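Read-outs: derived from the displayed coordinates by stated rules, not from any lab. Quick caveat, the model's predicted, so the values are computed rather than measured.
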Amino acid sequence: MFRRKNPSIQLGDQFIKAGDPHGKVWVVVRLWTPGDGIPHARMKSTGHQCESRVISLSALTDPHFFKPAVPAAAE
């Protein structure tokens with residue numbers, strides 16, 4: 001069976017959802033692989049700490065869905 005290479009995502013990595021007009025930044029706070037074998041990340045919004053999402057790592061690294069956020073210090 002075909003297997004995708006696991007992307008290099010780490011705790012603290014930041015992403016912006018593609019097409020988000022507000023540019024909300026999401027931070028990776030947990031990484032795990034559930035029983036189905038598909039790696040996932042739990043992400044929290046930097047603006048609203050009570051807002052979180054669970055995203056597969058393959059979706060997180062697909063530029064059609066998310067793009068890496070540029071840290072403020074790097075701008």
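Can you give me the long-range amide H partners of Phe66? Hydrogens built in the peptide plane at 1.01 Å from N, cutoff under 5 Å, separation of 5 or more residues or another chain.
Here the answer is Ala18, since their amide H atoms fall under 5 Å of that of Phe66.
Would you grab the residues whose amide H sits under 5 Å from the one on Val25? Only those 5+ places off in sequence or on another chain, please, with H modelled 1.01 Å from N.
Thr46, Gly47
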